[in-house]
Structures are given as C-alpha cells and as structure tokens.
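Have a look at the structure below before the remarks.
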Amino acid sequence: MILLLVLLAFRGFSLEIGLELGWAGWPVLDAVNPLWITISNPDSAAVRGKLLVTMEFGSAWRGAGTYTATVPFVVGAFSKTRFLLPWPVRAGSFLVRATAFSGKEKLGEGELRFSVEPGPLRASVGPPPKPVDFLFSPADLPADPLLLSPFSELQVSIPLRTSEKDVVQAWQVFLSGEVRVEAEVLRDYLAGLRPASSRWLVLLPGLFLYVLGLTLALPRLAQGRPQLPIFLLAVFLAFSLVYSVSRESANTKSSVLIRIERPGFTSFCLEVLGIAPWVNEEMVLDGWWVEFLPGREWQGRDLLWRFASEAWQTVIRLEPGVPRLLFRITQEAPLSGEVILPPPWLSRGLSLSWSQATVMRAGEIYVVRLQ
Amino acid sequence: MKFPRLPENLVTPYQGFLILGTGGLLAALLWPDLQTRRTLFLQILAFLQGILAIQVGEAEHGYGPIQPQLRLARLAFFNFLALFLALPLVFVYRAETGAPWSGFLLATLFLSAHGFVWMGVGHGLAGLVRSDGVRFVFKYGGFILALFGPLFLAWPVSAFNVLPALWEGKTGGWPGFFMYLGLSGVSLGLWMRPRSCQKG
C-alpha cells in the first residue's frame, strides 16, 4: 500500500518534452530565434492536448514581461511530434518552459536554461568561403525569413530553388540592414496620435461658461443664497455627464500599418504595426507578430501567440498611453494605392534608400515599395 | 434643505480652485506627451484640492465652538462642494482619456477622503500651532512632503501616483487608497470628539 502511494506520488509524466533554442543552440539577443519543441510519447495510446510555452524577460529596472505561446497537439503512440516557433529572445531571459496539458491535467513538462549570444551570427548556405557560425543546407532554410534574423551575414554558395531564394532575399532586404525601422521615431509619432480629437467647439465655450458662471455665483454661498450656484452646478454636471457618456463610442485606439515590399525580388513583405491605445483592452492580430521593445518600461509588454483556426494569432493586452510597435514578415499580394510623398514621420521612421522607393496610401495602410 | 454658509474668506480659495482646476484640465488635454496627458489633470486636481482643504480646515477652526455633528456637517459640505465643483471637469477628463467608470468612481472616492484628511490637518494645526509662520511651514511643507516624499521613496501612497493608478484601474493605487480612507476616518473621528465643541 505504502509502495503504491509512493509510486503514485512520484508518478512520472506521460510525455517527454525537449526544447532547443537558437541556430546550433546559440540564441541571439534581440533576434527572433528558432525554438524547437519535441514531444515524445512513450505510451501505447495517442495523446491529444495543449502545449503552453512561456518565457519571462526583462528585469526590475527595465520592467518584466512574459511571452507565451499555446498550441494544440496530437502525438501518436510511441511517436514524436515537433514544433518550430519563431521565438524572440530579450535581455533578462534565461529560461523557457514548455508544459503539456490535457484539460487541467499536466501531461509533461520541459525547460531549457540558456545563455544568449550578444551579437549576431554568420551563416552560409553551401560550402562557406570563410569561417561561419552556422552552415545551412538548402533543406534547413526556414520557411519564415524572420527566423534568419539572428544572422548578420548569409552567404549563398550553391544554387537554390525559387522558394529558398525568396526567403534569403527577404532576409537580405528586411533583416540585413537594407531597411531599418527606427522604432523610437515611430513610437514618438504614435504617442502623438489620438483616436478621436476633443470636441473643442463644445468644450471650450462650455468650460468658459462654467468657470464664469460659478466664479460669479460662488459669493452667494457666503450670503446664504445658495440657489443659483447649486442650480448652475447641477446644470453643468448634467451637461458634462452627457458629454462623458456621448464620448463612450469614440474610437478606443489609433493605429498605423506600414507595409514595405519589393515585388519581383521577394514575395515577402515587412509589416510594421503601430498602435496607440486609449483604453485597456485586448487586441487579437492574425499572424505571428513580434514587438520592437523600447530601452526600458517593459512592464506589461506581454505577448501571447496562440494557434487557433489553423493559423497563428497574436494577442496583445493594450494599456492606455503605452504605444506598441510590432512587426512581422509575411507574404501578401502587392497593394496599390494613391502615390503620396512620404510623410516626415515615415521618412524618419524608416532608414532606407528613399530615392528608390515609392510611397502609396491604400486605405489605412502606408505601402513603401522598393525598386 | 439648509446649506451651511460659506465663510467670506473661503470664497476666493474656492474661486481659485475652480479657475486653476479648469486651467489644469486644458493644460492636461493639450499636453503633447500621451502618458502625461492621461495623468496631469488628476495630479493638478489633487494638489489644488489638498491646498483648499487645508485652508478650509484652518478657517473652520476659527468659526468658534459648535456641536461636533454640526462641525462634521459643515466640513462635509465644504469638502463635497470642492468635489462637486471639480466633478464636471473630471467627467470631461474621463471622456477624453477613455478611463473606465470604475476608475472614475474610485478616483472621486479617493478625492473625498483626501479632502477630509487635509481638512483635518488644517483644522488640527490651527489649534496646535499658534505662530502663523510656523503653521504655514508645517501645513504646506507637510502637504508638499506628503505629495513628493513617497514619489522619491517609490511608495505608492502619494496622491500623485495613487490617483492616476486608480484612474487606470491599476492595483498599485490600492495601498494609498486604503491609507487615505483610514486617515479620513481618523480625521472624522477627531472632529466628532466633544472637546472640539469647547475648543472651537
């Protein structure tokens, strides 16, 4: 009986979870690194569940945040399943943990302690002409160019298929320095945006009348004649309450989406999304988005990536007054719109060869087309 | 319903509170930095309300001996008068900052407690310190210290950080909120003591 209890208390999990972060196990700081998670099922029955991946980052000085990803899985009897997640590594992060659940029951847990590479890596596809940190075979090239962000050099010495070439060229345009996003400039621009401007035509006369009326009426309170000040106060309270309620429906956030594309060279485009929230709310974006973090004030800059309806979604908890700037690399059909001169905030917010770029406005999207 | 008569020497402080509060609202709404824009008016309001409350408490001390219940009714009226004068501005600010109604309610509750506390300080110091100069230093120095001291020590009990935190629905505002609620209870309790009838 005691043996049975001991066995129950120390019963192992039914799944084994292994994690590997970074190319060749070298996660690079402030880059989107590959995170491979392998779930092994040593049992004779298939297991269905949900995998929860978490990593804390930051510090008491910078503020701390958490990255979380959830993905459903099915792993057959005596078999393995593997996931690849584009995982941003930040200062202060040293542990990534993956836990498998079926409902509330924990099926397995794995964790990886890591130290980060402060600088980017060099890689080669095919035999390298000079020493590199990582050697790719064409089959190893990821489908998402974002996973190549840990590299500052990527030499190609063998012929590639069109899709592989497309990924390398996306890295070349968006991640190797040809286009650079000046996050601080864009954040400053976002900080000045408001979802709906104040109704000054109502507000200014109203406030003027309020101050004038009450300033003149207040001495009556000292004369024992409080009727007028109290009447005026009641009227202005009612008006301001109506004003406050009428503004409930105003937009709760401003956002700007910038798409940088180079059709004919790569089918990928870089999307930068800036959000200036005005109320506390949760926002769900399609796709896997990563944030450009500021130097500090990381508190609450959590991101949740979840796999739902056969696609990834990014869930952001928006806080009023805290602009968020996110990016992703995606494949979208080229957009066309009205050609405009680049607004000053855009030309300062993106470092690129502006003489070879055209800016178009397609609805709410600014499209920067590189030649 | 009979409202207490506002002492003549308090008319100007109330007018000043109203004018400066409205100016503070406009300054906050026009402030270029988004985060400052969301909190500046609340900080200005807490500052102005604290100064006004100290003046009301002090003036009330000179009103003479009255029943404790009557004293309480008068101080409550003067406190809520300041709050109601600011309320239209707070309604507008709520609309312009998109703050939740729960934040609005907590902020007004905090302001009423804050007013009672500093009225108590003004009233108490008027009885304890005879010298005008020393009293001036104590009341306004103490108020400034209570506002800025916790900011330097990173304690969440200054009206400057409690009020914005309550406004945004953050838990960081709770310690200061409960502290001021407790202190306002102490302040009200002291006014209800019968000896304040004799001392005036």
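The values are calculated or read from the model by the stated rules, or taken from the named source; none is laboratory data. The structure displayed is predicted, hence computed values, not measured ones. We place every Cβ from the backbone using ideal geometry, glycine too, and count neighbours over all the protein chains shown. Please note that ligands, DNA and RNA were not included when accessible areas were found on the heavy atoms of the full protein model with its side chains. Shrake-Rupley method; radii C 1.70, N 1.55, O 1.52, S 1.80 Å.
Some points to look at:
- Every residue from the stretch A:45-67 that is surrounded by 15 or more Cβ atoms within 10 Å (Cβ to Cβ) and among the aromatic types (Phe, Trp, Tyr): A:PHE57, A:TYR67
- Residues of the stretch B:18-36 classified as open to solvent by less than 70 Å² (accessible area, probe 1.4 Å) and closer than 14 Å to A:ALA217 by Cα, total: 1
- Residue list for the stretch B:36-71, restricted to those being more than 14 Å from chain A (Cβ to nearest Cβ) and not in a helix (DSSP H, G or I): B:GLY62, B:GLY64, B:PRO65, B:ILE66, B:GLN67
- Residues of the stretch A:170-224 that turn out to be under 30 Å from B:LEU29 (Cα atoms), open to solvent by 20 Å² or more (accessible area, probe 1.4 Å) and polar (S, T, N, Q), as a count: 2
- The set of residues in the stretch A:202-242 being closer than 21 Å to B:LEU10 by Cβ and aromatic (Phe, Trp, Tyr) consists of A:TYR210, A:PHE231, A:PHE236.
- Within the stretch A:286-312, the set of residues being closer than 13 Å to A:GLY65 by Cβ and either open to solvent by less than 20 Å² (accessible area, probe 1.4 Å) or not hydrophobic (A, V, I, L, M, F, W, C) (or both) comprises A:VAL290, A:GLU291, A:PRO294, A:ARG296, A:GLU297, A:TRP298, A:GLN299, A:GLY300, A:ARG301, A:ASP302, A:LEU303.
- Identity of the residue in the stretch A:313-340, modelled with pLDDT of 95 or more and open to solvent by 30 Å² or more (accessible area, probe 1.4 Å), that ends up farthest from the chain's Cα centre (by Cα): A:GLN313
- Matching residues in the stretch B:81-91 - criterion: being within 9 Å of another protein chain (Cβ to nearest Cβ) and open to solvent by 10 Å² or more (accessible area, probe 1.4 Å): B:LEU81, B:PHE84, B:LEU87, B:PHE91
- Residues of the stretch B:1-35 satisfying the condition of being among the aromatic types (Phe, Trp, Tyr) and either more than 7 Å from every other protein chain (Cβ to nearest Cβ) or in contact with a Gly (Cβ under 9 Å, 6 or more places away or on another chain) (or both): B:PHE3, B:PHE17, B:TRP31
- With respect to the conditions (1) at positive phi; (2) open to solvent by less than 10 Å² (accessible area, probe 1.4 Å), A:TRP87 falls short on a single one, namely (1).
- If you filter the stretch B:26-72 down to residues that are among the charged types (D, E, K, R) and closer than 30 Å to B:ARG130 by Cβ, you find that the one that is farthest from the chain's Cα centre (by Cα) is B:ARG71.
- Residues located in the stretch A:241-273, provided they are in a loop (DSSP other than H, G, I, E, B) and away from chain B (no Cβ under 12 Å): A:ARG262, A:PRO263, A:GLY264, A:PHE265, A:THR266, A:SER267
- Listing of helices (runs of 4 or more DSSP H) fully contained in the stretch B:95-187 that carry 2 or more residues being open to solvent by 10 Å² or more (accessible area, probe 1.4 Å) and under 21 Å from A:GLY300 (Cα atoms): B:159-167
- When A:ASP140 is tested against (1) touching a residue at least 12 places away in the same chain (Cβ under 8 Å); (2) open to solvent by 40 Å² or more (accessible area, probe 1.4 Å); (3) not aliphatic (A, V, I, L, M), exactly one condition is not met: (1).
- Pair list, Cβ < 7 Å and 6+ apart or interchain, from the stretch A:166-193 residues that are in contact (Cβ under 8 Å) with a residue 60 or more places away in the chain and assigned to a helix (DSSP H, G or I) to residues that are of a type in the set (Lys, Arg) and open to solvent by 40 Å² or more (accessible area, probe 1.4 Å): A:VAL173/A:ARG262; A:VAL185/A:ARG348
Okay, residues lined up against (1) touching an Asp or Glu at 6+ places or on another chain (Cβ under 7 Å); (2) at pLDDT 90 or above; (3) part of a helix (DSSP H, G or I); (4) away from chain B (no Cβ under 11 Å):
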residue: A:SER198; (1), (2), (3), (4): yes, no, no, no
residue: A:VAL202; (1), (2), (3), (4): no, no, yes, no
residue: A:THR215; (1), (2), (3), (4): no, yes, yes, no
residue: A:PHE239; (1), (2), (3), (4): no, yes, yes, no
residue: A:ILE275; (1), (2), (3), (4): no, yes, no, yes
